[in-house]
Ligand code: HEM
């Protein structure tokens with residue numbers, strides 16, 4: 001049969017297709033149009049569901065179906081501050097590597113640290129998930145959001161401020177502020193006729209803010225002396241609102257909508273940025289005799305430079321990253337110690353028998369106390385200050401710190417405070433079972449926490465000086481205290497940690 005493909009004529013009696021369709025639609029009533037539309041939507045959704053569950057590249061990983069099919073439950077959990085708890089539940093049910101979103105996998109095997117966060121070949125590192133990053137506040141990226149090349153330059157410049165030498169030079173400043181904390185707490189006990197119930201969450205937060213203010217900008221925030229949060233430190237409340245924004249970013253139209261009625265912490269963020277900018281400019285005009293972070297960045301011997309905008313955004317990050325995290329670790333560790341009197345007693349015994357006078361407490365002497373180090377590691381495991389970690393965009397995976405640290409696949413009796421598991425001398429089967437490399441509270445790889453050593457120094461000094469000076473106990477109302485129940489909006493929304501403090505020799509002195 002000969003077929004001529006070069007021309008094609010519509011027979012004269014046949015209407016073009018679209019006219020026919022419109023004509024038919026006009027003859028449909030509203031009910032039929034609705035039914036047809038619903039049929040199309042349901043067919044589309046069913047096809048999507050079948051694809052996501054059966055044919056998607058991640059279909060072989062188990063996980064909660066509703067979370068796989070839609071982002072809504074993930075969003076809701078983020079908004080309620082329970083995301084890390086839900087993911088932990090799913091790991092207990094489905095195992096080590098699970099699917100928690102249409103295109104998201106969570107893995108709690110320690111190898112994931114290397115695979116996701118570790119350094120890869122140049123240009124092949126997995127970047128921070130932009131969904132979780134806040135918008136730029138000026139034209140420059142901060143250390144958190146910078147591209148690999150810029151990050152490398154910025155990180156090299158500020159890393160001088162976090163070297164061992166720098167830490168030695170910073171120790172007197174740390175001691176000064178920890179001394180102020182102890183003195184202020186002692187005043188509270190005097191005013192309370194020998195003992196006082198204080199909220200340590202506040203006192204820890206004030207101390208770490210003041211320290212990082214002094215180290216960062218060369219001037220204190222004055223929280224410890226004024227006994228109140230500086231308006232700048234209120235920025236931590238911004239995280240809750242920011243979680244709201246992040247959660248709706250899965251649906252970009254919703255984000256636009258949400259910005260109309262955002263709570264004030266988010267809109268105030270620019271005011272706070274302005275405040276830190278003023279501090280930075282004041283510092284840039286003045287000279288400092290004691291070294292602060294800025295003096296390392298501005299050192300003329302550096303071959304590279306940071307632009308003024310980069311300094312502004314990065315120092316802004318440093319203040320939050322370097323204060324609330326350490327305050328969380330202190331509050332979490334103290335809370336767990338008070339709920340575990342045997343561990344507290346062992347720590348008291350180690351500190352008080354090794355340090356004769358308060359003045360002897362310094363970083364060198366504290367480095368020789370193994371139980372103190374073990375308590376800090378275990379505190380960071382039980383109460384990681386960034387429980388979700390900062391997610392990366394990878395072909396597949398995500399690692400939630402909270403789930404990894406609380407999994408019986410990684411730690412025996414994972415929900416109990418057992419500092420002994422970190423002691424070198426401990427050779428019990430429990431200790432050998434633990435996959436210790438799972439614990440990376442400061443994260444891993446080229447973008448891990450730059451302030452790790454400073455944070456350990458603060459944790460050691462503050463914990464040991466409080467324990468050396470005071471006897472600590474929970475007042476009655478704190479008996480049901482449970483750190484694990486607190487909500488998480490990237491950082492932990494800490495509830496008050498009311499603790500009764502009594503100067504340790506108070507009873508002896510009053511009897512003498
Ligand atoms: C117990 C205390 C702390 C914990 C648990 C902690 C944890 C973390 C975590 C999990 C990250 C994210 C890393 C990643 O995305 O892979 C981070 C980043 C960072 N932290 Fe910390 N941090 C603490 C204290 C500090 C302190 C004291 C400072 C400085 C004063 C600091 C400064 C930073 C900076 C600048 C970054 C960004 C690093 C980069 O992008 O290269 N942190 N921290």
Exercise. Which value in deg cm²/dmol, rounded to the nearest 500, describes the helix-derived mean residue ellipticity at 222 nm for the chain, given -39,500 (n - 2.57) per DSSP H run of n ≥ 4 and division by the residue count?
Worked result: -15500 deg cm²/dmol
For this session: Taking the Cα atoms of the chain, report the difference between the largest and smallest coordinate on each principal axis, in whole Å and largest first.
Result: 116, 55, 45
Seminar exercise, completed: With 0.36 nm assigned to each residue of separation and the Cα-Cα distance removed, residue 504 to residue 281 gains 75.8 nm
Seminar exercise, completed: Listed with the fewest Cβ neighbours within 10 Å leading, 34, 223 appear as 34, 223
Exercise. Using the count of nearby Cβ atoms within 10 Å as a rough guide to exposure, how do 478, 294 rank from fewest to most?
Worked result: 478, 294
Seminar exercise, completed: Restricting to Cα pairs under 8 Å and 6 or more apart, the percent relative contact order of segment 330-395 works out to 45 percent
Problem set entry | Computed E for residue 485/residue 115 - FRET, C-beta separation, R0 22 angstrom, nearest 0.05 | 0.10
Problem set entry | Crossing angle, helix 308-321 versus the chain [Cα axis fit, 0-90 degrees, rounded to tens] | 70 degrees
Problem set entry | Rounded tilt (10° steps) of 238-248 against the dominant C-alpha axis of the chain | 20 degrees
For this session: Please give the helix 17-26 orientation as an angle from the longest Cα principal axis of the chain, in degrees from 0 to 90, rounded to the nearest 10.
Result: 80 degrees
Exercise. Among 244-250, 49-55, how do they line up from the highest to the lowest mean number of other beta-carbon atoms within 10 Å?
Worked result: 244-250, 49-55
For this session: Indicate, rounded to the nearest 5 percent, the antiparallel portion of the DSSP beta bridges found entirely in the chain.
Result: 90 percent
Seminar exercise, completed: Over all Cα pairs of segment 37-107, the Kirkwood radius sets Rh, and Rg/Rh then becomes 1.03
Seminar exercise, completed: Note on the chain: contact order normalised by length, alpha-carbon pairs under 8 Å, 6 or more apart, percent, works out to 23 percent
Exercise. Quick one: 371, 336, fewest Cβ neighbours within 10 Å first, how do they rank?
Worked result: 371, 336
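No value in this document is a laboratory result; all are computed from the given coordinates. None of the values given here were measured: they were computed from a predicted structure. Cβ: placed from backbone, ideal geometry, glycine included. Neighbour counts: every protein chain shown.
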